[in-house]
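Take a look at the structure set out below.
The values are calculated or read from the model by the stated rules, or taken from the named source; none is laboratory data. For clarity, every value in this text was computed on a predicted model and none was experimentally measured. Heads up, the Cβs are rebuilt from the backbone with ideal geometry, glycines too, and the neighbour counts pull from every protein chain shown. The area values use the complete protein model at the heavy-atom level, side chains included, leaving out ligands, DNA and RNA. Shrake-Rupley method; radii C 1.70, N 1.55, O 1.52, S 1.80 Å.
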Amino acid sequence: MKNETLNRLKLLASEIRLETMKIIASKGNGHVGGSLSIADVLAVLYGEVMRYKPEDPDWKERDWLVLSKGHAGPAMYAALGIVGYYQKEDAYHLNEAGSDFPSHTDHSKTKGVDLTTGSLGQGISQAVGAALGNKMQCIDSHVFVICGDGECDEGQVWEAAQFAAHYHLDNLIGFVDNNGRQLDGTVEEVMSHGKGIGAKFDAFGWEVIDVKDGNDVKEILEAIHRAYEIKDKPTMIILNTVKGKGIDFAETSGEHSSTLNAEQWEEVIAEAERKYEALKEELS
Ligand SMILES: Cc1ncc(C[n+]2csc(CCOP(=O)(O)OP(=O)(O)O)c2C)c(N)n1
């Protein structure tokens, strides 16, 4: 793994954070915390791992990305804008009437969004269907799916998990954004996962890879390379992340959804810009 690659991915994650803040600021409120926690995995996927063609979003041989925690749509829009599906500025209309950028990801509206999500549990179920469909058509690609740890309270997640293992879907690689928080409290308080989400996926027949720092691009990339070697079963990568990672107020509060006034948004964007420029300087 080259340092050059890792530095590029770190910088991309920082740019995703900056763009995500601009997108959410365009509405004034939104899912800041859960968008920021996945910026690093999005950077690794769009910056290094996935095969895709922005000029041909439905290219059959592409790798798919299903954002099962669809409320983190702004982070995905940020990544898609940076890699060229549209102009970054196009997404600065979050949830406006007639906008192509709803707060939750929608395949019918946004270029590069493979499946419509937002109702927790349904994204992973659709991802399993996509992986099975691609396998049956002998398409040599992967389906990636990002779930929330709170989302794993949904019974439907486990039905999908059982199905994926039964059909040996080794073209399916999942991530749990294990940030420890959900809408109205910690995952532990609201609905604990007993021996842990990883242990559950293991019991359902998946390969499980634990990533200690799920906001570290190197660890994420290594985990995906390991997952590529797994045959005959799907893999779930548990990313131990921080909700709100990278933006001071969000990291401190760990809140699910944030509403700020115009002046506060300006400060947040200035902070994200400062951090991006400092990293660029440091890595140059
Ligand atoms: C079926 C369903 N029930 C409830 C909600 C409302 N909801 C949106 S996000 C959320 C919490 C999700 O927590 P988690 O998956 O941990 O997301 P993260 O903390 O990573 O943002 C809930 C309950 C929903 N979108 N879908």
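Here region 1-33 is the region considered, the condition is being among the basic types (Lys, Arg) and within 22 Å of Val176 (Cα to Cα), and the residue that is most open to solvent (accessible area, probe 1.4 Å) is Lys10. Inside region 161-182, can you point out the residues that are within 11 Å of the ligand (Cβ to nearest atom), of a type outside the set (D, E, K, R) and open to solvent by 10 Å² or more (accessible area, probe 1.4 Å)? Selection gives Asn178, Asn179, Gly180, Gln182.
Residues of region 117-128 that are among the hydrophobic types (A, V, I, L, M, F, W, C) and either within 13 Å of the ligand (Cβ to nearest atom) or surrounded by fewer than 22 Cβ atoms within 10 Å (Cβ to Cβ) (or both): Leu120, Ile124. Within region 34-50, the only residue that satisfies the criterion of being hydroxyl-bearing (Ser, Thr, Tyr) and open to solvent by 10 Å² or more (accessible area, probe 1.4 Å) is Tyr46. When Asp100, Asp90, Asp58, Asp63 are checked against the criterion of being in contact with a strand residue (DSSP E or B) (Cβ under 9 Å, 6 or more places away or on another chain), more than 16 Å from the ligand (Cβ to nearest atom) and over 21 Å from Ser258 (Cβ atoms), a single residue qualifies: Asp63.
Just one of the numbered conditions (1) open to solvent by 80 Å² or more (accessible area, probe 1.4 Å); (2) assigned to a loop (DSSP other than H, G, I, E, B); (3) charged (D, E, K, R) is not true of Glu281: (2). Out of the residues in region 208-227 that are in contact (Cβ under 8 Å) with a residue 24 or more places away in the chain and part of a helix (DSSP H, G or I), state the one that is farthest from Leu36 (Cα to Cα). The residue in question is Ala227.
Across region 69-86, a minimum of one residue is classified as over 17 Å from the mean Cα position of the chain (by Cα) and at positive phi. If we keep just the residues of region 129-160 that are in contact with a Gly (Cβ under 8 Å, 6 or more places away or on another chain) and assigned to a helix (DSSP H, G or I), which is farthest from the ligand (Cβ to nearest atom)? That would be Ala160. Among the residues making up region 104-116, those that are touching a residue at least 40 places away in the same chain (Cβ under 8 Å) and open to solvent by 30 Å² or more (accessible area, probe 1.4 Å) are Lys111, Leu115, Thr116.
Among the residues of region 51-93, write down those that are among the hydrophobic types (A, V, I, L, M, F, W, C) and open to solvent by 20 Å² or more (accessible area, probe 1.4 Å).
Our first condition is that a residue be among the hydrophobic types (A, V, I, L, M, F, W, C); within region 51-93, this holds for 59, 64-67, 72, 75-76, 78-80, 82-83, 91.
Answer for region 51-93, where residues must be among the hydrophobic types (A, V, I, L, M, F, W, C) and open to solvent by 20 Å² or more (accessible area, probe 1.4 Å): Trp59, Trp64, Ile82, Val83.
Could you tell me which of the residues Glu271, Glu267, Glu255 is closer than 24 Å to Gly30 by Cβ, in contact (Cβ under 8 Å) with a residue 60 or more places away in the chain and surrounded by fewer than 20 Cβ atoms within 10 Å (Cβ to Cβ)? The match here is Glu255.
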